[in-house]
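Encoded as structure tokens, the structure appears first; notes follow it.
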Amino acid sequence: MKKEESQNNDFGIVGVVLGIVGIVLALTQPILGIACCIVGYVFSMKQRKIYNNKWARAGAVLAIVGVIVGILVIIASVVAIKYLANNPDILRQLQGAG
């Protein structure tokens, strides 16, 4: 193991940052969050090939968590829309309350 190789964590750090940003975006913009996490995962895997360290592992875990959160948000949104479409009384109540 070369000293320069062990200190090159650039791809791993980018993977971690993209994983964190992806998780936050997955809560509000799930498609964008999932895309960000996929890119973060790719960077983490690239870091793993260069030098397998904690940054590579953390980036991969955060990216996977972000994709799962994004998928869950999409599923919850679809279920909520279907529920509201089948119960128009709830929409009228919400409009009257505002």
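Structural remarks
- Flag for residue 69 being surrounded by 12 or more Cβ atoms within 10 Å (Cβ to Cβ), under 29 Å from residue 9 (Cα atoms) and touching a residue at least 12 places away in the same chain (Cβ under 8 Å): yes
- In the set (1) assigned to a helix (DSSP H, G or I); (2) surrounded by fewer than 18 Cβ atoms within 10 Å (Cβ to Cβ), the condition left unmet by residue 52 is number (1).
- Residue in the range 78-90 that is surrounded by fewer than 11 Cβ atoms within 10 Å (Cβ to Cβ) and touching a residue at least 24 places away in the same chain (Cβ under 8 Å) present: no
- When restricted to residues that are surrounded by 21 or more Cβ atoms within 10 Å (Cβ to Cβ) and either under 18 Å from residue 74 (Cβ atoms) or modelled with pLDDT under 95 (or both), the range 27-40 contains 5.
The values are calculated or read from the model by the stated rules, or taken from the named source; none is laboratory data. Predicted model only: the values in this text are computed from it and were never measured. Reconstructed Cβ throughout: ideal geometry from the backbone, glycine too, with neighbour counts over all protein chains shown.
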